[in-house]
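Engineer: Structure in structure tokens, see below.
The values are calculated or read from the model by the stated rules, or taken from the named source; none is laboratory data. Remember, predicted model here, so these are calculated numbers, not experimental data. Positions of Cβ are generated from backbone atoms using ideal geometry, with glycine treated the same way; all protein chains shown enter the neighbour counts. Just so you know, the surface numbers come from the protein's heavy atoms only, side chains and all, with ligands and any DNA or RNA stripped out. Shrake-Rupley method; radii C 1.70, N 1.55, O 1.52, S 1.80 Å.
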Amino acid sequence: MMANPLRDFERSLERLFEGGFARAFKTRLHPRAIATELRKEMDASRLADIGGVLVHNEFTVEVSPGDFAELETARQKLERELADFLAAHAREFGYRLAGPATVELKAATGASAPAGGAFRVASRLAEGTAPPAGHTAVMTAAELATGSKQAGFLVVEGKRILLDRAVTVIGRSLQSDIPVGDPAASRAHAELRRVGDNYYLFDSESTNGTFLNGERVEEAVLAEGDVILIGETELRFERGG
């Protein structure tokens, strides 16, 4: 069974909430939402390097001043859990970190500061750890995905969608990578993850479940022609150009 860093992160948070963490964490911010955006930021930062795929390792999460004040007593614990989550995500996908993964929660200032419950994420390579000039080239997610003849696609309502991300979120939310308007779909219903030339389907603890070829699954590796069912919406997995 494949590791699931996001699920492990949530279990770590549950242990914190069993202690004094819950009393300190009273904001409208949701740790899972922060973790998901940090993961997307790491995936988007991928650079092709002679030592493998290099990703950013220093992350900043800006929140409203009010949320930051309410988070203060729990902030360091949450930062450590988020950093551990990113390190586990990097290990799972074989990313190379230029230094330790770190996360800093900061209070945003100015008119553009996020509203309560919202946040924004930024990242960078740790200072002085970028590889020598000529050894690194920027490679887009699409290039990383299509560099292999085994690129994957989902066919949804007649539309063929290239799976060009390390992690593709499927759900009812319009912020999903592949939005599904089915009323039985959860906002973040399922994920597809690429590891090498394989694609894995993970149910994101959805309300109504994720089905593969008629059977309810929590996680499974996909093969050509597999049909994912979310509510009454079918998504067919295909290979090749």
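Engineer: For the stretch 196-241, enumerate the residues that are hydrophobic (A, V, I, L, M, F, W, C), part of a loop (DSSP other than H, G, I, E, B) and closer than 17 Å to Arg165 by Cα.
Structural biologist: Step one: filter the stretch 196-241 for residues hydrophobic (A, V, I, L, M, F, W, C), giving 201-202, 211-212, 217, 220-223, 227-230, 235, 237.
Now narrow it down to the ones that are part of a loop (DSSP other than H, G, I, E, B): 222-223.
Answer for the stretch 196-241, where residues must be hydrophobic (A, V, I, L, M, F, W, C), part of a loop (DSSP other than H, G, I, E, B) and closer than 17 Å to Arg165 by Cα: just Leu222.
Engineer: Can you name the residue in the stretch 91-123 that is among the polar types (S, T, N, Q) and exposed (fewer than 13 other Cβ atoms within 10 Å of the Cβ) and is also modelled with the highest pLDDT among such residues? Steps first, please.
Structural biologist: Our first condition is that a residue be among the polar types (S, T, N, Q); within the stretch 91-123, this holds for 102, 109, 112, 123.
If we keep only those that are exposed (fewer than 13 other Cβ atoms within 10 Å of the Cβ) too, we end up with 109, 112.
Values: Thr109: 84, Ser112: 77.
Taking the candidates together, the pick is Thr109.
Engineer: While we're here: Can you name the residue in the stretch 178-197 that is over 14 Å from the mean Cα position of the chain (by Cα) and among the small types (Gly, Ala, Ser) and is also nearest to Gly158 (Cα to Cα) among such residues?
Structural biologist: Taking the candidates together, the pick is Gly181.
Engineer: Then there is this: When both residues are 6+ apart or on different chains and their Cβ atoms are under 6 Å apart, which pairs have a first residue that lies in the stretch 19-40 and is at pLDDT below 55, and a second that is crowded, with 17+ Cβ neighbours inside 10 Å?
Structural biologist: Listed by first residue and then by second, the contacts come to Phe21/Ala74; Ala24/Ala74; Phe25/Ala74.
Engineer: Could you look through the stretch 41-65, keep only residues that are in a helix (DSSP H, G or I) and open to solvent by 20 Å² or more (accessible area, probe 1.4 Å), and pick out the one that is modelled with the lowest pLDDT?
Structural biologist: Ala44
Engineer: Determine the pairs where a residue that is under 29 Å from Arg193 (Cβ atoms) and without any contact (Cβ under 8 Å) to a residue 40 or more places away in the chain, located within the stretch 70-93, has a partner that is assigned to a helix (DSSP H, G or I) and open to solvent by 50 Å² or more (accessible area, probe 1.4 Å) with Cβ atoms under 7 Å apart, the partner being 6 or more residues away or on another chain.
Structural biologist: So the pair list comes out empty.
Engineer: Picking from Ala220, Ala185, Ala151, which residue would you name as being within 21 Å of Arg32 (Cβ to Cβ) and among the hydrophobic types (A, V, I, L, M, F, W, C)?
Structural biologist: Values: Ala220 fails: within 21 Å of Arg32 (Cβ to Cβ); Ala151 fails: within 21 Å of Arg32 (Cβ to Cβ).
Exactly one residue qualifies, and that residue is Ala185.
Engineer: Hey, among the residues in the stretch 73-88 that are touching a helix residue (DSSP H, G or I) at 6+ places or on another chain (Cβ under 8 Å) and open to solvent by 70 Å² or more (accessible area, probe 1.4 Å), which one's nearest to Ala166 (Cα to Cα)?
Structural biologist: Top of the filtered list is Asp84.
Engineer: With respect to Val227, is the statement that it is open to solvent by less than 50 Å² (accessible area, probe 1.4 Å), among the β-branched types (Val, Ile, Thr), farther than 27 Å from Leu38 by Cα and at pLDDT 90 or above true?
Structural biologist: Numbers: open to solvent by less than 50 Å² (accessible area, probe 1.4 Å): yes; among the β-branched types (Val, Ile, Thr): yes; farther than 27 Å from Leu38 by Cα: yes; at pLDDT 90 or above: yes.
For Val227, the condition - open to solvent by less than 50 Å² (accessible area, probe 1.4 Å), among the β-branched types (Val, Ile, Thr), farther than 27 Å from Leu38 by Cα and at pLDDT 90 or above - is met.
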